[in-house]
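The values are calculated or read from the model by the stated rules, or taken from the named source; none is laboratory data. Just so it is clear, the structure is predicted and the values come from calculations on it, not from any experiment. Counting neighbours? That spans all protein chains shown, and the Cβs are built from the backbone with ideal geometry, glycine included. Side chains are part of the model used for accessible areas, which takes the heavy atoms of the whole protein and leaves out ligands, DNA and RNA. Shrake-Rupley method; radii C 1.70, N 1.55, O 1.52, S 1.80 Å.
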Amino acid sequence: MTWTAEGKEPDLRQTEAASTFLTGIGRGIAGALLFALPMLMTMEMWELGFYIAREKLLLLMLLNLPLLVMLSHRIGFEETFGWREDLRDAIVAYGIGITASAAILFLFRILVPDMPANEMIGKIAIQSVPASIGAMLGRSQLTREEDGDCESPDPRELKTSYGGELFLMAVGALFLSLNVAPTEEMILLSYKMTAGHALATVFVSILVMHGFVYAVSFEGGHELSPQTPWWHALIRFTLPGYLIALLIALFSLWIFERLGGAALTPTLFGVIVLAFPAAVGAAAARLIL
């Protein structure tokens, strides 16, 4: 029996594809831990898994899946060529998030075998959302320069539409705001602030965002030349980005049960406080992603 080069070539391609995917899985596990570990070790997140309204938890999980699909289309475990493959990557990332969350919570004895199933599922489910996002971000965060991905850039990463830029801003806002949204400090700060502090926080948030816009320059999609007037980037990127940060902050506080019973002013101040890290994440999305 003889072996031809033609016979070996498909096997070699399959082996390389499998190796690339497994490398992506490894980076996904590392990304899940890197992104979700602060929340896995936060008492407020443990408690949320017990008392969060189940309809809110279900909504969060349902919204997370299309978010992962779109992230996969942008920065999946490997280069994909259709939404079916992006959905596969999203499901894999969700599986990594669930597995990593359960393993760490059992390791720290936050989950115990005699715990009610409803509480156990709730704690794993709420932690799996940030962990799955971290798993998907693992490729962009942990890719080394000598990897083949960097030698041959993914064409999806070279050109990004304006809507794609806004989507990345939303993910960047989630990237940072999810770490602090469940904490009691967000509510405490909202009660300590005055109207002057709130206005100053809004101004500083927009100023920091605008600085990031010029520093990052949105390379690849919408470069900002030295001749670009400052107000162009302000109107096109900074202000829409800050609006996205405010909406992400409001959604995060609502989903994590931080708005119940609060008066309008503390609620508004709480959104402004959380929008500060969200704005930094949105503006730095090109660096994060």
- Item | Inter-label distance for LEU63 and ALA263, nm, one decimal - labels placed 7 Å from Cα along Cα-to-Cβ | 2.7 nm
- Message: With +1 on the Cβ of every Lys and Arg and -1 on the Cβ of every Asp and Glu, and nothing else charged, how large is the dipole of segment 25-95 about its Cα centre, in debye rounded to the nearest 20?
- Response: 60 debye
- Query: Residue separation times 0.36 nm, minus the C-alpha to C-alpha distance between ALA200 and TRP231: what's the value?
  - Reply: 9.1 nm
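Top to bottom by accessible area (1.4 Å), largest first, where do PHE175, PHE251, PHE35 land?
Details: PHE175 40, PHE251 60, PHE35 10 Å².
Largest accessible area first, the list is PHE251, PHE175, PHE35.
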- Note on the structure: For PHE108 and LEU239, extending 7 Å from Cα along the Cα-Cβ vector and measuring point to point gives, in nm, a value of 4.2 nm
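Solvent-accessible area per residue for segment 16-145 at a 1.4 Å probe radius, Å²?
For segment 16-145, the solvent-accessible area averages 47 Å² per residue.
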- Item | Apportionment of accessible area to carbon and sulfur, segment 20-143, percent (1.4 Å) | 72 percent
